[in-house]
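The values are calculated or read from the model by the stated rules, or taken from the named source; none is laboratory data. Fair warning: this is a prediction, and the values are worked out from it, not measured in the lab. Using ideal geometry, Cβ is built from the backbone for each residue, glycine included, and neighbour counts are taken over all protein chains shown. For accessibility, only protein heavy atoms count, side chains too; no ligands or nucleic acids. Shrake-Rupley method; radii C 1.70, N 1.55, O 1.52, S 1.80 Å.
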Amino acid sequence: MQQFIKWSRENLFATRMNTFLSLISFWLVYVTIDGVVSWAFINASFFGADKASCMSNPYGACWPFITAKFNQFIYGNYPEAEQWRVNIVFVLGALGLGFLMVERVGFKKQLAIVMLTVYPVLTFILLSGRVLGLGYVETNQWGGLLVTLVIAVTGIVVSLPLGILLALGRRSELPIIRIMSIAFIEFWRGVPLITVLFMASVMLPLFLPEGMNFDALLRCLIGVSLFASAYMAEVIRGGLQAIPKGQYEAAKSIGLSYWKSMRLIILPQALVISIPGIVNTFIGLFKDTTLVMIVGIFDLLGIISFHFTDPNWTSPQVPITGFVFAGLVFWVFCFAMSHYSKSVERRFSVKGEDK
């Protein structure tokens, strides 16, 4: 207790200005916590089957709306009898990421390769069906958190290797490779993601031969992946430029080829340096998945907003509760990615990582 008092005097009340700012901060924290607790718990509705249960508590959260629609928020219109396939995908993904975050696991490299190669293919087979006796489920039946994760994971898995190749291509000594890489990166970075999604969903089918068409979700995935790859390339290029010139010269001096020097010496260092930027791009991509709503694909935020129009749940507190729920889900995933990146940085002893 004495140590706490001493720390408080030194850090919170050392000067008049510090005392004033500390009291203001305490007051803001109190007001915020009091308001959140009152809205989310004290004045909230927890049970009910329609809006009548929420109208009785007009100043609190309408949690019955979340419990009543929870299944659709997670699976969309995915057939209820086939939702076990989605659950398997979620469980395998959680187990894979969980093992990757445990420092004492000794097969992380192999597991990471499996998660980047085998897991996406297995996910596609399980969710789509048509093979192994699984019934076909059209992508327009997918929705909610399922679509959010499919778009985000696809964008992450595709953008990282493609971004590495583009970053190497932009630094290539071959003019044609360098020009093509620069043109690709600058084009996709110069176009808003909303425009990319609109072009992929509405305009692209107009330019295809008659009778040829792609799945709407597939077109969206391609657009998001290419868009994210351009940003990823610049993040990794920053890491490559941070590598001292002596590292390149040392690789050449021991007779390593270009690809061997990149794989064994340059890229491992560049990727470690780029971890904060890479994770930042992943988090941005995860949040940008909400933009697919404008092309008629119902991700988590889209399907929550869609259910605001349900006449059984037209209450002033329903939209607020829905947006808070969506925000909490996004925050959990983004915080997990940020926390994992810090653990990776600590593992590779990146200077200044825990700030």
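Annotations
- So Val147, is it in contact with a strand residue (DSSP E or B) (Cβ under 7 Å, 6 or more places away or on another chain) and within 30 Å of Phe323 (Cα to Cα): yes
- For the condition more than 22 Å from Gly163 (Cα to Cα) and buried (at least 18 other Cβ atoms within 10 Å of the Cβ), Ser229 does not qualify.
- Selection of first residues in region 187-215 that are at pLDDT below 75 and of second residues that are of a type in the set (Ser, Thr, Tyr), restricted to Cβ pairs under 7 Å at least 6 apart or on distinct chains, gives an empty result.
- Region 328-341 residues that are over 13 Å from Leu301 (Cβ atoms), paired with ones that are open to solvent by 70 Å² or more (accessible area, probe 1.4 Å) (beta carbon under 6 Å, 6 or more apart): Tyr340/Met101
- Residue check, Phe124 open to solvent by 70 Å² or more (accessible area, probe 1.4 Å), closer than 30 Å to Ser261 by Cα and free of Cβ contacts under 8 Å to residues at least 60 places away in the same chain: no
- Within region 133-164, the set of residues being in contact with a helix residue (DSSP H, G or I) (Cβ under 9 Å, 6 or more places away or on another chain), over 20 Å from Phe298 (Cα atoms) and free of Cβ contacts under 8 Å to residues at least 60 places away in the same chain comprises Leu134, Gly135, Val157, Pro161.
- Out of Glu103, Glu80, Glu10, sole residue that is open to solvent by 80 Å² or more (accessible area, probe 1.4 Å), under 23 Å from Val147 (Cα atoms) and of a type outside the set (S, T, N, Q): Glu80
- Enumerated helices (runs of 4 or more DSSP H) restricted to region 249-308, each holding at least 3 residues that are open to solvent by less than 60 Å² (accessible area, probe 1.4 Å): 267-273, 275-288, 300-306
- Wholly enclosed helices (runs of 4 or more DSSP H) of region 1-104 bearing at least 2 residues farther than 20 Å from Leu328 by Cα and at pLDDT 90 or above: 16-37, 83-101
- Test: residue in region 181-200 that is open to solvent by less than 40 Å² (accessible area, probe 1.4 Å), touching a Ser or Thr at 6+ places or on another chain (Cβ under 8 Å) and more than 30 Å from Leu300 (Cα to Cα): yes
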